[in-house]
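Participant: Supplied in C-alpha cells, the structure appears directly below.
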Amino acid sequence: MPGLAIIGSQWGDEGKGKITDYLDERADMIVRFQGGNNAGHTIIVDGKTFKLHGLPSGVVRPGKLAVIGNGVVVNLEELQEEIDQVLAAGGSIDGLRISDRAHLIMNYHKKLDGAEEKYRGKNVVGTTKKGIGPAYQDKIARIGFRAGDLLEEDVLRDKIQFILPYKKDVLDLMGAEPCQCTPESLFEKMKGWGDSIGKYICDTSVLINDALDEGGNVIFEGAQGAMLDIDHGTYPYVTSSATCGGGVCTGSGVAPNRIDRVLGVVKAYTTRVGEGPFVTELNEKEEKELQARGGEFGVTTGRGRRCGWLDLVVVEHAKRMCGFTSLVMTKIDVLNDMAEIPVCVAYEIDGTEVKHFPASIAKLNRAKPVYETLKGWKGWDSTEELVKGGYDNLPGEMREYIEFTERYLKTPVDIVSVGPDRDETIDRRNGDWWS
Ligand code: GDP
Ligand code: IMO
Ligand code: MG
C-alpha cells in the first residue's frame, strides 16, 4: 500500500507538516502536489523547529526524496532562501527534485497579487501576497514560465521576448509597481536560477511512478485545506489550486489508482486565515482566548488566525471531496480543561436544517451553527506518559469527542496528535501504514 496522501480538511494549518513528518519515517519520497510558498508547515523534533513553505516536509529527515510536483508554483528566489536555512541547520537537500512542468512565480506575480487585492476593495480575499493566484492565472492563460524552460536557453529567450512586455503592460494597467527588468536582465537572472537549481529539475512523474512500481512508499503532502480548494472551497475566498483528492493526481502526474490511503487532517477546532465565511467563528473575546491557547498565528504571514468550534459539516464536505480513509485529529490538547465543547453538526439556513456545505457565500453568511455540546476533560501532567499510555488511557471524555467525530464522519480517527512535537502523537495503527 505505498501511495498515501495527507490533506487538510478545513481552511489550512491543521498540522499537515507535523503529520507528514511523523509518517515519513518509513517513506522513500514526499511529494508536494499543489500550492506554493503560501503554505507554512511547522515541524518540531526534540524541541527544534522547522518552518517550511515551498519545500516538502521530507527535507527534515535525511535520505528522503523531496519532490516539488508539476502542480506546484515555485518562487525560486524564496526557495533558495529556504534551502539556505535547511543547510545552515545542518540538513541536506540532496533529495530535492523539482518537476520540469512546475510553473514559476515571478516578481511581477507578487506585485499583481497586491494590485488585484486593491481592486477587490471590500471583497478582498486576504491572500498571502506570495503571487500564487497570478502565477496560476498565467499557467491557465498559457503564458507561464515552467522550471524546465530554465534548461533550454532558446526557449527561455523566446518566451521572455513576448511575456515580459505583456506583463509590463498589465502591471501598468493595474497601477502596480513597475517591473524594471529588460529582456536581457531577466534572461540573465533566470539563467542564474537554472545554473543553481537546474540539477534538481527533472520529470518527477516518472520518478514518482517508478518509485511506486518498485514498491516504494510515497507520501503526497497537501498544502492549504479542502475548504480553500479553487472548485470545492468557499469561492472566491479560496486559494488558486486544487487542494482536494483530485489535485494529488493532476499535481503530481500519477493516476487515481496509485493513491491507496487518504488521511484527512482535522484540527480539533477550526481556524481560518484571511476573509470568507466561517459559520462556527467565535466572538472576539472567545476567539482571542482560543487563538492564544492554540498559538494560532500564521507561519507565512504572522496574521492572527480566526478561530471557531469544530465544524463537522465542513469536514464532511472535505471527506467527500478527498475520499478520506483515515482521519488524524490534531491539537486536541488545546481544548484541555474546558467544561463543555460545542461541535457543529448542521447549519440552520432560513429556517431549514442543512447538513451539506452550500456553495453560496450569501447562504453561508446567513447560516447559524447547530451545536451538540460534549463534555470537556481535564488536562494531564506529562504528555510523554499520556502517549505511553496509548489511546485507551486517554481521558474518557476526550475519547468520546474523538469517537463522536468518527461516528459522524463514518471514518476512523487513526492518529491523535496531543502536542506539536513529532513524538507527541498517538498512532492507533502502531505504524502500520504501508502494508
Ligand atoms: P500546517 O500548515 O497544516 O502544516 O500547520 P501549521 O504548521 O501552519 O500550524 C499548525 C501549528 O500547530 C504549528 O505551530 C504546529 O507546531 C502546531 N501543532 C501541530 N500539531 C499539534 C498538536 O497536536 N498540539 C499542539 N498544541 N500544537 C500542534
Ligand atoms: P498551509 O499549507 C492557511 C489562505 C490565505 C487566503 C487564501 C488565498 O500552511 O495550511 P493565496 O495566497 O493562497 O492566494 O491566499 O488562502 N491560505 C492559507 N491559509 N494555511 C495555508 O497554507 C494557506 N495558504 C493560503 O490566507 O485566505
Ligand atoms: Mg500552515
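Participant: Pairs under 7 Å by beta carbon, first residue crowded, with 21+ Cβ neighbours inside 10 Å in the stretch 312-336, partner of a type in the set (F, W, Y) and part of a helix (DSSP H, G or I), six or more apart or different chains?
Facilitator: Filtered contacts from the stretch 312-336: L312/Y408.
Participant: Next question, about the same structure. In the stretch 394-435, which residues are away from ligand 1 (no atom under 16 Å from the Cβ), among the small types (G, A, S) and not in a loop (DSSP other than H, G, I, E, B)?
Facilitator: Of everything in the stretch 394-435, just one residue is away from ligand 1 (no atom under 16 Å from the Cβ), among the small types (G, A, S) and not in a loop (DSSP other than H, G, I, E, B), namely G396.
Participant: Please verify whether G133 is out of contact with any Pro (no Cβ under 8 Å at 6 or more places or on another chain) and either in contact (Cβ under 8 Å) with a residue 40 or more places away in the chain or surrounded by 14 or more Cβ atoms within 10 Å (Cβ to Cβ) (or both), treating the condition exactly as stated.
Facilitator: Answer is yes for this residue.
Participant: How many residues does the stretch 266-325 hold that are in contact with a Lys or Arg (Cβ under 7 Å, 6 or more places away or on another chain) and part of a helix (DSSP H, G or I)?
Facilitator: Going through the stretch 266-325 one residue at a time, the tally reaches 4.
Participant: Out of the stretch 254-308, which residues are open to solvent by 40 Å² or more (accessible area, probe 1.4 Å), charged (D, E, K, R) and under 18 Å from the mean Cα position of the chain (by Cα)?
Facilitator: If the condition is that a residue be open to solvent by 40 Å² or more (accessible area, probe 1.4 Å), charged (D, E, K, R) and under 18 Å from the mean Cα position of the chain (by Cα), then E275, R303, R306 are the ones that fit.
Participant: Further, regarding this structure: Please state which one of R101, R97 is more than 10 Å from ligand 1 (Cβ to nearest atom), in a strand (DSSP E or B) and either at pLDDT 95 or above or open to solvent by 10 Å² or more (accessible area, probe 1.4 Å) (or both).
Facilitator: Just a single option satisfies the conditions, and that option is R97.
Participant: Can you name the residue in the stretch 1-50 that is within 21 Å of C202 (Cβ to Cβ) and acidic (D, E) and, of all such residues, is nearest to ligand 1 (Cβ to nearest atom)?
Facilitator: The selected residue is D24.
Participant: On the given criteria, is A242 open to solvent by less than 30 Å² (accessible area, probe 1.4 Å), within 17 Å of F324 (Cβ to Cβ) and touching a residue at least 24 places away in the same chain (Cβ under 8 Å)?
Facilitator: So A242 does not fit the description; no.
Participant: Right, something else. Name the residue, out of G63, G69, that is in contact with a helix residue (DSSP H, G or I) (Cβ under 6 Å, 6 or more places away or on another chain) and more than 12 Å from ligand 2 (Cβ to nearest atom).
Facilitator: Selected residue: G69, the only one of G63, G69 that is in contact with a helix residue (DSSP H, G or I) (Cβ under 6 Å, 6 or more places away or on another chain) and more than 12 Å from ligand 2 (Cβ to nearest atom).
Participant: Sticking with this one: Restrict the check to the stretch 377-391 and report whether at least one residue is crowded, with 22+ Cβ neighbours inside 10 Å, at pLDDT 95 or above and closer than 20 Å to G264 by Cβ.
Facilitator: no
Participant: Regarding A367, is this residue without any contact (Cβ under 8 Å) to a residue 40 or more places away in the chain, in contact with a strand residue (DSSP E or B) (Cβ under 7 Å, 6 or more places away or on another chain) and open to solvent by less than 30 Å² (accessible area, probe 1.4 Å)?
Facilitator: no
Participant: Moving to a separate point now. Please state which one of D172, D213, D231 is closer than 30 Å to I361 by Cα and either touching a Lys or Arg at 6+ places or on another chain (Cβ under 7 Å) or open to solvent by 30 Å² or more (accessible area, probe 1.4 Å) (or both).
Facilitator: D231
Participant: Condition test on D28, is it touching a residue at least 60 places away in the same chain (Cβ under 8 Å), of a type in the set (D, E, K, R) and within 13 Å of ligand 3 (Cβ to nearest atom)?
Facilitator: no
Participant: A further question on this structure: Return the total of residues in the stretch 7-29 being among the β-branched types (V, I, T) and either touching a Phe, Trp or Tyr at 6+ places or on another chain (Cβ under 7 Å) or at pLDDT below 95 (or both).
Facilitator: 0
Participant: Next up: Answer yes if at least one residue in the stretch 342-361 is farther than 29 Å from G431 by Cα, surrounded by fewer than 18 Cβ atoms within 10 Å (Cβ to Cβ) and among the basic types (K, R), and no otherwise.
Facilitator: yes
Participant: Checking the condition farther than 18 Å from T425 by Cα and among the small types (G, A, S), which residue from G63, G17 passes?
Facilitator: Of the residues listed, the single one that is farther than 18 Å from T425 by Cα and among the small types (G, A, S) is G63.
Participant: Among (1) of a type in the set (S, T, Y); (2) under 23 Å from K118 (Cα atoms); (3) free of Cβ contacts under 8 Å to residues at least 60 places away in the same chain, which single condition is T182 missing?
Facilitator: Unmet for T182, out of (1) of a type in the set (S, T, Y); (2) under 23 Å from K118 (Cα atoms); (3) free of Cβ contacts under 8 Å to residues at least 60 places away in the same chain: (2).
Participant: If you go through the stretch 8-29 one residue at a time, how many are open to solvent by 10 Å² or more (accessible area, probe 1.4 Å), part of a loop (DSSP other than H, G, I, E, B) and either in the same structural domain as I132 (by TED's automatic domain parsing) or away from ligand 2 (no atom under 11 Å from the Cβ) (or both)?
Facilitator: So the answer is 1.
The values are calculated or read from the model by the stated rules, or taken from the named source; none is laboratory data. On a predicted model such as this, the values are computed, not experimentally measured, just so you know. Neighbour counts run over all protein chains shown; Cβ positions are idealised from the backbone, glycine included. Remember, those area values only see protein heavy atoms, side chains included, never the ligands or the DNA or RNA. Shrake-Rupley method; radii C 1.70, N 1.55, O 1.52, S 1.80 Å.
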